[in-house]
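The values are calculated or read from the model by the stated rules, or taken from the named source; none is laboratory data. Just so we're clear, the structure is a prediction, and the values are computed from it rather than from any experiment. Quick reminder, even Gly has a Cβ in these numbers, built from the backbone with ideal geometry, and neighbours come from all protein chains shown.
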Amino acid sequence: MRTTALGAAGLMVLLGITCPAFAEKATDADNTAQNKGATQKEAVTADKQGNSKLEVTVLADVRKAILAESGLSTNAQNAKILYGKDGTLKLRGPVDTDAEKTRLEEIAKGVSGVKAVKNMLTVTAKKEKTK
């Protein structure tokens, strides 16, 4: 009997079946305010970004430079990088510290083809886990 109960519990875990009594309520992500500027007609977003050889090269070089930097958080490594036709690079998304925000801007400014950087990164405080 005990083996059957443990086997059923293990099967539920493997199949991703959860008991409502143990489920935590997920909070909805709301980036509406942060993404407001992306709805403007002239706004540069990833899907409206140019695809010229120069643009692709600059974006790849910035991403490589960020990934080559040791000690950056996953958030910083995954920052959105948008490149405008005028050579302006926009950095968007969350980072863990002010130092990372500053460092990403410095890295971007050091890449050939980047004429200016608009740093729109936001510092998000890490939530401490409670026991």
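When segment 57-79 is filtered for residues that are closer than 16 Å to ARG103 by Cβ, aliphatic (A, V, I, L, M) and part of a helix (DSSP H, G or I), the ones remaining, listed by number, are VAL62, ALA65, ILE66, LEU67, ALA68, ALA76. Scanning segment 80-104 for residues being closer than 20 Å to ASN51 by Cβ and in a loop (DSSP other than H, G, I, E, B) gives a total of 4. Can you confirm whether LEU91 is of a type outside the set (Asp, Glu), at pLDDT 95 or above and in contact with a strand residue (DSSP E or B) (Cβ under 6 Å, 6 or more places away or on another chain)? It is true that LEU91 is of a type outside the set (Asp, Glu), at pLDDT 95 or above and in contact with a strand residue (DSSP E or B) (Cβ under 6 Å, 6 or more places away or on another chain).
Of the candidates VAL58, VAL62, VAL95, the single residue that is over 16 Å from the mean Cα position of the chain (by Cα), in contact (Cβ under 8 Å) with a residue 24 or more places away in the chain and surrounded by 19 or more Cβ atoms within 10 Å (Cβ to Cβ) is VAL58.
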